[in-house]
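Bear in mind that the values in this text are calculations on the coordinates, not laboratory data. These numbers come from a predicted model, not from an experiment. All Cβ positions, glycine included, derive from the backbone under ideal geometry; neighbour counts span all protein chains shown.
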Amino acid sequence: MQALKERGICVPEDVSVTGFDDSIYAQLCSPPLTTVAVDTDAIARLAAKRMIKHMNEPQKKGGEVYRIPGKIIYRDSVCKING
């Protein structure tokens, strides 16, 4: 967002900006960054289960798709769309 500001581009008036992972920096930047919060504990648990399964059954191929839901944390780096 600093680079945009240096080029005269205003956030969120000219462009909306979003991030991922909802780190503490998202709250501290100016304007505060809209971001997607993820359940890192759920990701870690799933990864551990998959690794253990692979160690126990190394001949089986992977290929499954897993979805861990996230949550959008709206802050001031995005503008509202009318309509």
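Working only within the stretch 35-45, note down all residues that are surrounded by 10 or more Cβ atoms within 10 Å (Cβ to Cβ) and either over 30 Å from Pro12 (Cα atoms) or touching a helix residue (DSSP H, G or I) at 6+ places or on another chain (Cβ under 8 Å) (or both).
Once the filter is applied, which keeps residues that are surrounded by 10 or more Cβ atoms within 10 Å (Cβ to Cβ) and either over 30 Å from Pro12 (Cα atoms) or touching a helix residue (DSSP H, G or I) at 6+ places or on another chain (Cβ under 8 Å) (or both), the stretch 35-45 yields Thr35, Ala42, Ile43, Ala44, Arg45.
Residue by residue through the stretch 20-47, note down the ones that are in a strand (DSSP E or B), within 24 Å of Tyr66 (Cα to Cα) and touching a residue at least 40 places away in the same chain (Cβ under 8 Å).
Answer for the stretch 20-47, where residues must be in a strand (DSSP E or B), within 24 Å of Tyr66 (Cα to Cα) and touching a residue at least 40 places away in the same chain (Cβ under 8 Å): just Thr35.
Residue by residue, here is whether (1) surrounded by 12 or more Cβ atoms within 10 Å (Cβ to Cβ); (2) of a type in the set (D, E, K, R); (3) touching a helix residue (DSSP H, G or I) at 6+ places or on another chain (Cβ under 6 Å) holds:
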| residue | (1), (2), (3) |
| --- | --- |
| Val17 | yes, no, no |
| Phe20 | yes, no, no |
| Gln27 | yes, no, no |
| Ala47 | no, no, no |
| Lys53 | yes, yes, no |
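I'd like the residue in the stretch 1-19 that is assigned to a loop (DSSP other than H, G, I, E, B) and touching a residue at least 40 places away in the same chain (Cβ under 8 Å) and, out of all such residues, is farthest from the chain's Cα centre (by Cα).
Glu13
Name the residues in the stretch 55-83 that are of a type in the set (Ser, Thr, Tyr) and touching a strand residue (DSSP E or B) at 6+ places or on another chain (Cβ under 7 Å), would you?
Result: Tyr74, Ser77.
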